Amino acid sequence: MMRKTTFLLLLGLAGFTSLFAQGSFPEQAPGLTPYDSLMLAKLPELKAMPVLKSNELPSAVDNSRLKYYRPIYEQVSNECGQVSGIAYNFTYEINRLRDLPANVPENQYPPHFTYNFMNGGYGWYGASYFHSFEILKTLGCPSVSTYGGMAAGGESRWMDGYYNYLGAMSNRIRDVYQIKTDTEEGLLQLKHWLHNHLDGSETGGVASFYANSPWNTKTLPQGTPEAGKKVITYWAGNPSHAMTITGYNDSIRYDYNADGKYTNTIDLNDDGFVDMRDWEIGGLVFADGWIGGINFGDSGRCYMMYKTLADELYEGGIWNNAVHILDVKSLEHPRLAAKIRITHERRGMLRIRLGVASGENAEEPDYTISFPVFNFQGGMQYMQGGWSPAENKTIEFGLDITPLLGGNLSLPPKKFFLMVDERDPEGSGSGRIEYFSVIDYSQLYPIESSWEHTTMDILNNSTTSASLIISNDPEVMLITTTDLPVAVVGEPYSFQLESSGATAPVQWTLLHACAEEQFQSALSYTGTTIEAENNDYGNIPVSLAFSFPFYGEHYDTIYVHPRGLVMFENTNYPWPYIRDSELLIRNTKCIAPLLAKYLVIDPDSGHRIWVDQASAMASIVWKGNIADPAFEQDVEFGLTLYPDGHVEFIFGKGFDGYKTLWSCGVSKGDEQNYFIPSLAENEVIQDQSAVRIAISPLPDDIQLSPEGLLTGTPSDYYQSLPLTFSAEDDDHCRSRRTLLFSAGDLGLDETYLQDDHVSTYPNPFSESISIRFEKNLNSGSCKIYNMNGKLVRILAIRQEIKIGQIFRWDGENEQGEICPAGLYLLVTGNGMQSLSKKLLYTGR
């Protein structure tokens, strides 16, 4: 079983709009362009695998012939990402793990359960299968027999029934990984995955990938292995379709250069190298769900040459030269679940959140979670879909709320909250909460605690809360470490953090603190206009006049994207088909003042992007249009970066936020270090609304491993520096705790100088501050630190200091640069005794 590593940024491609009709070429959903590259640096690859040898492999494998692979079938809508990722890949992997046959509905998994939450409610477009995998992680997927069919109820239906959802929670994934396939080593790893699951198993796995729809099949030549079978020799066009790799065959061949030979040793593309892009021998088997399913290729299967794994996209390669595999869970049971019944006429106006607090008198939750389902999705339809019958206004469902057990809860009783957010300023929909309970499955027998009310009307355009108290005490996940040992400057440091109540494995992260301040500001349309090569997908590199600090790194160049965000690598728009803007922000290293799927910058319509630079700031302004299928509105907004790392979002023109899918925020891209300002929750953004976001840096000489080992060699003195740690277990319970970290001289004991031994004046100060010693010190020091523990200025170090001696600090650092206004820490002492005082510098 693979351990969880970093979170995978993954995209599910939209399917095609219609299938072949009487041999005609299919009309496809908008394809990806060369500008649509995924953020490859964020895709976790499989690591620490055993040494792989090609001579340990058979010459051919096809796992679609095994009992774990469901029979080939024909998809019915734009759900190709879900056909590949769930109906084929997930079905195979979970049946392989459970040793069950996939030819019966009880052991098959429908693509439409996940697809219908993010397809616009009507099947208008393909949905990201990254979003579908999020559902597989947090909620799971029902079987086909439970769901009623592969696409029962069409593109609009949402499943009803608590126990149907509870059953879905048993079928989940832990994580998703990529295998890079553009080298022989990557291909070898993929072949071992297909043969033995990379762990020596008797059966291998399958993998999903993205390319153009396979309309351009050729035939393997006569006199060669598998002659007459269909093969893809290059993928023609932009990626717009997801398929599933089920095996390989090292013997198939195709004569690319028409020389009558089949070789892997000739430089076919004249680039001066012989590599996989020159291979004419060997290929993969893939299965598809289009053009009649079983009627495509050879009974629904087709070959693709190894060469296509390594070719660039424009040369006919697969998207990003990578395939994706699933780490499934054997059998999952929630420790805590919520049972909910809601009636409403406009499901797209609702979001469901759950929260928890300690103590029966709590009026609001201390810790809240939301879900990739029931999250302003599904269009303006009844809760189960459509506009009739009236019974479809009501839906009963279950949610796994085990993550609430990681909310740093204290002693019982615990109070749980159901929060229904309605975004409906026009008052067009209405509904009510019918039922709410919390069921504890961690006991020998389930214990259900029910809401005392019969029903509660959902408040119009507001948040409606229902709460209940559970007296039983389910075990919670906690970080049990309460103190960090003091480090010694210049000496190696190592300390293991601990947790309790967790389901292994536990993933540890060191968090940056963020703060926001809302204000009013006008937008300035000055500077130089810039334009992307492609105004839908391209981005524009901008060199900064200063080094911009962002989540522990410094950047001299940023990449401005027309879709309303700034990134730090030239990877363009990360997930072209994803429509969950907040999810994208959480998992993408970016600064996003207004991230919207349907944001358009069209120069022919007067739209522009401006960049205005100075030594103390850089400003980017977007003027465009949100062309949502259901609503269109003009937007004008900006982003300002400052050398100290804080940013400002300014909205010069207000807009109706509730009418489109959008969000704003900053993110490190690891799903933990991100900040979504409260402004993103506003239904209507007013003219000249603005928010300032400050990200606190972390010490760069201390690191935290994913296993919770804090290590490093402190090079600076730290005086009670607050560090916030996050621990997440296999059930997605997430506990946080802030601990104080200090680093001092060797031999520093618990004896401190008295406060009256050092005096400072004036404090606060603007020009300079005087520091007077009232005690003799041998080998004394006097240093200034910022509140993040970084050394700013050394006024004295290891020298004799006499009573009455005065040191002055002028607000400058060691390089003679003026420091930003704020709090600073004065640290004085002689190695055996120390004193720290706060200094307030108001700036010059």
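Quick one: net charge of ILE540's neighbours, Cβ under 9 Å, K/R +1, D/E -1? Local charge sum for ILE540: -2. Here the stretch 364-447 is treated with +1 on each Lys and Arg Cβ and -1 on each Asp and Glu Cβ, and its dipole about the Cα centre works out to around 120 debye.
Apolar share of the accessible surface for the chain: 48 percent from carbon plus sulfur atoms, 1.4 Å probe. Other residues whose C-beta falls under 13 angstrom from the C-beta of GLU360 contribute a net charge of 0, scoring Lys and Arg +1 and Asp and Glu -1.
Amide H to amide H distances under 5 Å link PHE546 with no residue, where only residues 5 or more positions off or on other chains count and H is placed in the peptide plane.
Computing FRET efficiency as 1/(1 + (r/R0)^6) for LYS261 and SER59, where r is the C-beta to C-beta distance and R0 is 22 Å, gives about 0.65. Across the stretch 367-380, rounded Karplus estimates of 3J(HN,Hα) from the backbone phi angles (6.51 cos²θ - 1.76 cosθ + 1.60, θ = phi - 60°) give 9, 10, 10, 10, 9, x, 10, 6, 9, 6, 10, x, x, 8 Hz, Gly and Pro being marked x. For the stretch 429-437, 3J(HN,Hα) computed residue by residue from phi via the Karplus equation (6.51, -1.76, 1.60; θ = phi - 60°) reads x, 8, x, 7, 7, 8, 7, 8, 8 Hz, glycine and proline entered as x. What is the stretch 424-483 by shape, rounded, prolate or oblate, if you read a ≥ b ≥ c off the alpha carbon gyration tensor as root eigenvalues and call it rounded for a/c under 1.5, prolate for a/b larger than b/c, and oblate otherwise? Since a/c reaches 1.5 but b/c is at least a/b, the shape of the stretch 424-483 is classed as oblate.
Full extension of the chain segment joining LEU459 with GLU184 gains 93.0 nm, where the gain is 0.36 nm per residue of separation less the Cα-Cα distance. Taking the charge dipole of the chain about its Cα centre, with +1 at Lys and Arg Cβ atoms and -1 at Asp and Glu Cβ atoms, the residue from GLY316, ALA337, ILE650 reaching farthest to the positive side is ALA337. Label sites at TYR314 and SER720, each approximated as a point 7 angstrom past Cα along Cα to Cβ, lie 6.0 nm apart. For the stretch 629-767, the equivalent ellipsoid derived from the alpha-carbon gyration tensor has semi-axes of 41, 24, 12 Å in decreasing order.
Placing dummy labels 7 Å off each Cα toward the beta-carbon, the span from TRP387 to ASN763 is 7.1 nm.
For an R0 of 56 angstrom, estimate the FRET efficiency from the Cβ-Cβ distance between ILE797 and GLU363 and round to the nearest 0.05. The computed FRET efficiency comes out at 0.60. Principal axis extents of the Cα atoms in the stretch 116-212, from largest to smallest and rounded to whole angstrom, are 46, 31, 21. Rounded to the nearest 10 degrees, the angle from helix 129-138 to the longest Cα principal axis of the chain is 70 degrees.
Full extension of the chain between SER605 and SER330 yields a length gain of 93.6 nm, computed as 0.36 nm times the residue separation minus the alpha carbon distance. Just to verify a number: FRET efficiency for SER770 and ALA694, C-beta to C-beta distance, R0 = 51 Å, to 0.05? Taking R0 as 51 Å, the efficiency between SER770 and ALA694 is 0.95. Close amide H pairs (under 5 Å, H built 1.01 Å from N) link GLU774 with VAL758, SER759, GLY804, residues at least 5 positions away or on another chain. Taking a spot 7 Å from the Cα of ILE447 along the direction of its beta carbon, which residues of the stretch 320-358 have an amide N less than 15 Å from it? Once the point is set 7 Å along Cα→Cβ of ILE447, 335-337 turn out to lie under 15 Å by backbone N, inside the stretch 320-358.
Shape verdict for the stretch 545-637, please, from the Cα gyration tensor: rounded (a/c under 1.5), prolate (a/b greater than b/c) or oblate. Because a/c hits 1.5 or more and a/b fails to exceed b/c, the stretch 545-637 counts as oblate. Here the Karplus curve 6.51 cos²θ - 1.76 cosθ + 1.60, taken at θ = phi - 60°, turns the phi angles of the stretch 651-656 into couplings of 10, x, 10, x, 7, 8 Hz, with x standing for Gly and Pro.
The values are calculated or read from the model by the stated rules, or taken from the named source; none is laboratory data. Because the structure is predicted, anything quoted here is derived from the model rather than measured. Please note: Cβ atoms are built from the backbone with ideal geometry, for glycine as well, and neighbour counts cover all protein chains shown. When the accessible area is computed, the model is the full protein with side chains, heavy atoms only, and any ligands, DNA or RNA have been set aside. Shrake-Rupley method; radii C 1.70, N 1.55, O 1.52, S 1.80 Å.
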